[in-house]
1. So between Ala361 and Ala459, what do we pick up on full extension, going 0.36 nm a residue minus the alpha carbon distance?
2. What number comes out for the charge environment of Ala267, summing +1 per Lys or Arg and -1 per Asp or Glu over other residues with Cβ under 10 Å away?
3. Tell me, what are the semi-axes, in whole angstrom and largest first, of the equivalent ellipsoid of the range 395-506 as set by the roots of 5 times the Cα gyration tensor eigenvalues?
4. Give me the 1.4 Å probe accessible area per residue for the range 392-509, excluding ligands and nucleic acids, in Å².
5. So, counting K/R as plus one and D/E as minus one, what does the shell of residues with Cβ under 10 Å around Ala491 add up to?
6. What figure in square angstrom, to the nearest 10, would you give for the accessible area of Trp122 with a 1.4 Å probe?
7. Where the accessible area of the chain is counted over protein heavy atoms with a 1.4 Å probe, how much of it, in %, is carbon and sulfur?
8. Per 0.36 nm of contour for each residue apart, how much would the distance between Ala304 and Glu411 grow if the chain were fully extended, relative to their Cα-Cα spacing?
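The values are calculated or read from the model by the stated rules, or taken from the named source; none is laboratory data. Since we're looking at a predicted model, the values are computed, not measured. Quick reminder, even Gly has a Cβ in these numbers, built from the backbone with ideal geometry, and neighbours come from all protein chains shown. Areas reflect the complete protein model, heavy atoms only, side chains present, ligands, DNA and RNA absent. Shrake-Rupley method; radii C 1.70, N 1.55, O 1.52, S 1.80 Å.
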Amino acid sequence: MKGADADFIIIGSGPAGVSAAFPLIAAGRRVLMLDAGNDLGSQEESRSVRILGSDLESLRVDDGSSPKLQTPVSRGIVERFRRDSGIAGAGFMPIGSLARGGLSNIWGAQISYLDAEDIADWPIDIASLQRSYERISQRIGISRNADFTESANEQPVLPLGATAAHILQRHKVAKPVDGSFRLFPAVNAMLSQARPGRAACDLRGDCLYGCPSGAIYNSRQDLLLLRKSPHFRLLDNMRAVSLARNAGWTVGTADGLSFSAPRIILAAGVLGTAALLADHLPLEEQGLRLLNSPTLAIPLLSPARLLRSSTPTHSLAQLGLSLRYGGGTSDYVTGAIYEVGSLPAQSFINRMPLGRKAGRAAFETIAGSLLVATIYYPGDQSRSYIHRDATTGRSLIIRGGFADGFEIRAEALKKALRREWKRLGLIQLPGASLAEPGVDAHFAGTLPMGASGPSGTSADGELNLHPGLHIVDGSIIPDLSSKYITMTIMANADRIAHRLAETEAKPAL
Ligand SMILES: Cc1cc2nc3c(=O)[nH]c(=O)nc-3n(C[C@H](O)[C@H](O)[C@H](O)COP(=O)(O)OP(=O)(O)OC[C@H]3O[C@@H](n4cnc5c(N)ncnc54)[C@H](O)[C@@H]3O)c2cc1C
């Protein structure tokens, strides 16, 4: 192709984009990555200000999202997307990012792996996905919490918090014989041993709001490695707004620039990719299906741990859980248990109307015994569609909702969970809340691999009817289990890029 700027243009520098870039540049392909964001951050502020805001604005926000999403640092990541992506929500909170590194700037770093049963309907085999899981875990650094045998690719385990360890011990003593409820130490994309440019987790326990030492994986870290390659070029502040097919593909940006390549790889996140493809997809009638995981947050108290102090650990997920609560394939949830005691206490104590000493005493009395469980339903329990907004004609609107019969399932789940909390010696506190669809940001299935028609893609993520236009983010994951999705998005992007590097020995045109 004459005048091509690269062999491949990747749009998006989140976990999917960087995972596609590595195999391509290793095979000597020229990769140009465009990202809407840049590297400017709010590093100058104190930690309290980053979390609570300079005049405590994060405490006043109540938009139904999690407290984490209400912090100034998170809002900085998602608000530009709300403003500039042209996507609005009706009964749906569109969470996306136009920041370098995407949502990995604010993710919780919990990892799940899919198995052969999970991908039974996908047009790929489990062995190829597993090879990619291994490559990704070696690259990003995975560690488990204590009480788990390490696997070859993993870093040494990190210590469990005392309350999590207590709960796990109780579970081992009396776990359900039918295996319907499983509790296990969480697997997190976090370093327990330092690597070049990244420190190991120092167990200071305020990592939920961003790790200052880089122990938690963020795809920005990969950009530093990628930029060392002569085959790789990253252009910041390049918001793609159009895609046109000519001899190959040309990307137009918000600033009026354009870049061409034989093949384009979309890694803009599920909502970002849908926005970019709006002119190429039939959005008018039923709209584009969007799978998301309905999400439940449940506060818990461990009376046995009252008045006990918390131990040094990290504040990401401590325990993972799964629960089968019925006979149907959808009656299955997974989730995580977090220790509240490892949240950044000082940020709250500083602002308690009690004075420092009394504030600390009050917080410490209960903090070590508090937990929060987050539960994810499978994506087939959501019913969300992306439509073209009839009033503006150009922007998109996501109408969100739950699947038929969801209320009945929700009641059955609550009952089953209460039984398990009791067995673990936990009291469920008031305040359990089901989030508005979208808040979870576990999205998939808009342009599924293996589906026919204009909204389907090949096993290599190539959009039907649009040769040379590939998608590697969650859009092409055909279904959404309740398991954490990002590791699979990255592995699938790695798998596709390996195939493209093998098959595209020369530029396509
Ligand atoms: C609060 C929170 C907690 C989470 N916790 C977990 C967890 O514990 N485990 C888990 O597995 N997942 C978690 N997730 C989900 C996880 O963050 C996403 O699955 C993951 O980031 C998706 O990666 P991606 O590369 O596909 O997209 P994104 O991370 O959204 O990256 C998209 C990239 O594309 C760029 N972009 C978008 N549009 C354009 C455009 N038009 N032009 C140029 N560039 C563009 C953006 O700037 C961004 O860099 C969480 C998400 C949130 C919000």
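1. 29.6 nm
2. -2
3. Numbers: eigenvalues 289, 62, 26 Å².
Largest first, the range 395-506 gives 38, 18, 11 Å.
4. 40
5. Neighbour charge sum, excluding Ala491 itself: +1.
6. 20
7. Whole-percent figure for carbon plus sulfur exposure: 54.
8. Between Ala304 and Glu411, full extension yields an extra 35.7 nm.
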